[in-house]
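Below is one structure, written out as structure tokens; comments come after it.
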Amino acid sequence: MTTLAQTMMTAARSADSGLAGPGELDRYPFAESPAVERVGAPVWETPDPELGRVGRRAAGSRGRGLHGQLVQQLGQMIVSGDLGADRPLVPEEIGQRFEVSRTVVRESLRVLEAKGLVSARPNVGTRVRPVSDWNLLDPDIIEWRAFGPQRDDQRRELSELRWTIEPLAARLAAGHGREDVQQRLGDMVEIMGHAMAQGDALTFARADAEFHTLLIQVAGNRMLEHLSGIVSAALQVSGGPIAGCDRPTEASLTHHARIVDALAEGDGAGAEVAMRQLLTTHPEVERVVPAPREH
């Protein structure tokens, strides 16, 4: 095993990861179905009483401090439907419910407004916006949807988007021939192999995410590179057999290795085919995307 592989596997086991690990798919207290639309002021009660004290839930928050935690809590409640479209959000009520200052509430609402989840207008206040206004490519919203009532739709949509983006990225990446990148991709495949042998799903997931992100970044297309964060988010919220790389398997490892070999040979068509095969390893995907065609 290379030094890189040993370092990455050790770090993955010891670090507090933001990736969804085994048994964490339901770590957010969402109902199985969208909440029924209610009339009137928001109902802040949730199945988890600890949601009321954002300071106690630091571990699961992407942001830091009370501000980042409140963004997570409100974002999850909006995406889950607990706070329905056009629902007024009163800063004073939010501050009392979550026991935070008005400054923290204002900062959090600004972040949610930038994501398209809420809008603030004079004489109207802050209100929840409809789904059509959300920035659905925002990594936070991807995560919140993937662990909420829309989880099945979100994972299907992410699978379809990846199937559109990544084969093209693989084809384009083959034309760049950077040895350092090819070496790094090969290292990730080696790490995935060792992780799979040891039953280390966390390390496998981390190496897999780096593999796909790096591949898109070296495709030489800045617009595709901008979408690398979406692919990374998609891999982090994978919770079922949506794509071949969602779970450590021999087939997944083989397809990753074939992509690396095709890149080394400058075979863009071969890299594209291997990527399509990787993303359609599971039978369930065949209902979503057509089977890959050999060129």
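The values are calculated or read from the model by the stated rules, or taken from the named source; none is laboratory data. What you see is a predicted model, and the numbers here were worked out from it, not measured in a lab. Cβ coordinates were reconstructed from backbone atoms using ideal geometry, including for glycine residues, and neighbour counts include every protein chain displayed. These accessible areas exclude ligands, DNA and RNA; they are computed on the full protein's heavy atoms, side chains included. Shrake-Rupley method; radii C 1.70, N 1.55, O 1.52, S 1.80 Å.
Can you tell me how many residues within the range 113-129 are open to solvent by 60 Å² or more (accessible area, probe 1.4 Å) and in contact (Cβ under 8 Å) with a residue 40 or more places away in the chain?
Qualifying residue count, the range 113-129: 2.
Determine, yes or no, whether ARG171 is open to solvent by 70 Å² or more (accessible area, probe 1.4 Å), closer than 28 Å to ALA257 by Cα and out of contact with any Asp or Glu (no Cβ under 7 Å at 6 or more places or on another chain).
Considered against the rule, which asks whether it is open to solvent by 70 Å² or more (accessible area, probe 1.4 Å), closer than 28 Å to ALA257 by Cα and out of contact with any Asp or Glu (no Cβ under 7 Å at 6 or more places or on another chain), ARG171 comes out as no.
Scanning for something within 27 Å of LEU227 (Cβ to Cβ), surrounded by 19 or more Cβ atoms within 10 Å (Cβ to Cβ) and outside the structural domain of ALA233 (by the TED database), does the range 90-100 turn up at least one residue?
No, the range 90-100 contains no residue that is within 27 Å of LEU227 (Cβ to Cβ), surrounded by 19 or more Cβ atoms within 10 Å (Cβ to Cβ) and outside the structural domain of ALA233 (by the TED database).
Determine if the range 102-112 includes at least one residue that is within 30 Å of GLU160 (Cβ to Cβ) and open to solvent by less than 70 Å² (accessible area, probe 1.4 Å).
Step one: filter the range 102-112 for residues within 30 Å of GLU160 (Cβ to Cβ), giving 111-112.
After this cut, where a residue has to be open to solvent by less than 70 Å² (accessible area, probe 1.4 Å) as well, the list is 111-112.
Within the range 102-112, one or more residues are within 30 Å of GLU160 (Cβ to Cβ) and open to solvent by less than 70 Å² (accessible area, probe 1.4 Å).
Looking at the range 231-253 only, could you name the residues that are assigned to a helix (DSSP H, G or I), in contact with a Gly (Cβ under 9 Å, 6 or more places away or on another chain) and at pLDDT 75 or above?
Of the range 231-253, the ones assigned to a helix (DSSP H, G or I) are 231-236, 244-246, 250-253.
With the extra rule that they be in contact with a Gly (Cβ under 9 Å, 6 or more places away or on another chain), the set shrinks to 236, 246, 251-253.
Answer for the range 231-253, where residues must be assigned to a helix (DSSP H, G or I), in contact with a Gly (Cβ under 9 Å, 6 or more places away or on another chain) and at pLDDT 75 or above: ALA251, SER252, LEU253.
So that you can scan it fast, the table gives a plain yes or no per residue for (1) open to solvent by 20 Å² or more (accessible area, probe 1.4 Å); (2) touching a helix residue (DSSP H, G or I) at 6+ places or on another chain (Cβ under 8 Å); (3) aliphatic (A, V, I, L, M):
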{"site": "ARG145", "(1), (2), (3)": "yes, yes, no"}
{"site": "LEU185", "(1), (2), (3)": "no, yes, yes"}
{"site": "GLU190", "(1), (2), (3)": "yes, yes, no"}
{"site": "PHE204", "(1), (2), (3)": "no, yes, no"}
{"site": "ALA233", "(1), (2), (3)": "no, yes, yes"}
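Any residue in the range 215-233 that is within 22 Å of ARG155 (Cα to Cα) sitting within a Cβ distance under 7 Å of a residue that is modelled with pLDDT under 85 and part of a loop (DSSP other than H, G, I, E, B)? List the pairs, counting only those 6 or more apart or interchain.
Matching pairs, first to second residue: ILE216/LEU227.
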